[in-house]
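Read through the structure below, which is laid out as structure tokens, and then see the notes.
The values are calculated or read from the model by the stated rules, or taken from the named source; none is laboratory data. Every value quoted in this text rests on a predicted model; they were computed, and no experiment measured them. Cβ atoms come from the backbone with ideal geometry, glycine included; neighbour counts cover every protein chain shown.
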Amino acid sequence: MTKDPLVTLIQKLCQLDASTGKEKKSVDFLQDYLSKLGWKTERQPIGPEMGRDNLWAFSKDRNPKVIFSTHLDTVPPFFPPHLSENGKTLLGRGVCDAKGIGACMVFAAEELRKRKEQVGLLFVVGEETVSDGAKKAALYGVKAKYIVVGEPTEHHLIQAMKGIASFELKATGISAHSAYPHLGTSALHQLIEDIHTLLHFSWPKDPVLGETTCNIGLIQGGRAPNVIADVASAKGTIRTVVKTEEILQSIRSCIHPTTQLIPLNLSDPQYLKIIDGIKTGIVSFGSDVPHLRPIGEPLLLGPGSILFAHTDNEKIDIEDLHLAVDLYIQVGLKLLNREC
């Protein structure tokens, strides 16, 4: 272990597999860590597993002016953290997205607490799938003026981000021997035609956010190579620059009338608060921001690059982590003292 307390916290957090659905051990660890510092903690059950909870922490007031928030879950596969050979970079699942960011928020919020500022922390589960943690956090009854959401933004305050439309398509056919295709109806062929149309559709563009992009990430179907497929399904994600209802209407126009469209996770494009003097940017990835808006006006900010998130080379420079702590303190003070 390094002697750097920030890196030590991240390493301990990232040694715990928190692939979505397995967040309990990370929540347990962080609650114990914050409680020992003197934070008032509360767990909000999300389930379905016992102990899979959102973690809230308050310096004093349960409705502080500023809350720092990120997610504890990670994408699979899990691989433990380690330092690069030169000791300047931390590698491992979650070091960038987003346990490393969470640790930076803890350090920044603790410094603000020592200065007698009333701040809060919120660590949610499920961001990498359907944002079930964030959606329930919005119903918990805690209110703040601002909520600073952490994602890898390379220290840029994000002024706009694309929306997201995750969906599933299901087709049903009639099975038959592949030598006699006229006796069956292929659900897989139907779905392939649907996907082809989606991928070649003229999706809308926006002068600020850019192009809408469509990705089909998972296809399943059929029984055997010599059987007409009676079932087929696919899951995809569209990064949107217009309202999601418009996107859903476009999807419906592309697919066969008998193909079932099941929306999974939907959020419109977001425009966020920025602060003078802090560099800004625009991102294409999604986050919990739209679901956390009922808690407070959101800002999106964090260290690291999204280009390393979700990869087998996930990493973040230690220098960037310390810069993030200072930046979160700076942003927190500006929000708390109405300097923005």
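The table for this structure:
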{"quantity": "Looking only at the stretch 122-177, and only at residues there that are more than 16 Å from Asp97 (Cβ to Cβ) and among the polar types (S, T, N, Q), the one that is surrounded by the most Cβ atoms within 10 Å (Cβ to Cβ)", "calculated": "Ser166"}
{"quantity": "Complete set of residues in the stretch 6-21 that are touching a residue at least 40 places away in the same chain (Cβ under 8 Å) and not aliphatic (A, V, I, L, M)", "calculated": "Gln11, Cys14, Gln15, Asp17, Ser19, Thr20, Gly21"}
{"quantity": "Exclusive hit being over 16 Å from Cys96 (Cα atoms) and in contact (Cβ under 8 Å) with a residue 60 or more places away in the chain, set Ile318, Ile306, Ile251", "calculated": "Ile251"}
{"quantity": "Subset of the stretch 83-107 that is part of a loop (DSSP other than H, G, I, E, B) and of a type in the set (S, T, N, Q) - its residue that is surrounded by the fewest Cβ atoms within 10 Å (Cβ to Cβ)", "calculated": "Asn86"}
{"quantity": "Test: residue in the stretch 290-313 that is under 29 Å from Leu9 (Cα atoms), buried (at least 16 other Cβ atoms within 10 Å of the Cβ) and among the β-branched types (Val, Ile, Thr)", "calculated": "yes"}
{"quantity": "Output for the stretch 216-253, where each listed residue is of a type in the set (A, V, I, L, M, F, W, C), within 25 Å of Gly173 (Cβ to Cβ), in a loop (DSSP other than H, G, I, E, B) and in contact with a strand residue (DSSP E or B) (Cβ under 8 Å, 6 or more places away or on another chain)", "calculated": "Ile228, Ala229"}
{"quantity": "Among (1) within 22 Å of the chain's Cα centre (by Cα); (2) closer than 19 Å to Leu261 by Cβ; (3) not aliphatic (A, V, I, L, M) - the single one Ser233 does not satisfy", "calculated": "(1)"}
{"quantity": "Filtered residues of the stretch 109-121 (kept if out of contact with any Asp or Glu (no Cβ under 6 Å at 6 or more places or on another chain) and surrounded by fewer than 24 Cβ atoms within 10 Å (Cβ to Cβ))", "calculated": "Glu110, Glu111, Leu112, Arg113, Lys114, Arg115, Lys116, Glu117"}
{"quantity": "Within the stretch 62-78, tally of residues that are surrounded by fewer than 15 Cβ atoms within 10 Å (Cβ to Cβ) and touching a helix residue (DSSP H, G or I) at 6+ places or on another chain (Cβ under 9 Å)", "calculated": "0"}
{"quantity": "Pick from the stretch 197-215, criterion in contact (Cβ under 8 Å) with a residue 24 or more places away in the chain and part of a helix (DSSP H, G or I), ranking: nearest to Arg239 (Cα to Cα)", "calculated": "Leu198"}
{"quantity": "Number of the condition not met by Val125 [criteria: (1) assigned by TED's automatic domain parsing to the domain that holds Gly277; (2) farther than 28 Å from Phe308 by Cβ]", "calculated": "(2)"}
{"quantity": "So Leu169, is it in contact with an Asp or Glu (Cβ under 8 Å, 6 or more places away or on another chain) and either modelled with pLDDT under 95 or more than 30 Å from Leu327 (Cβ to Cβ) (or both)", "calculated": "yes"}
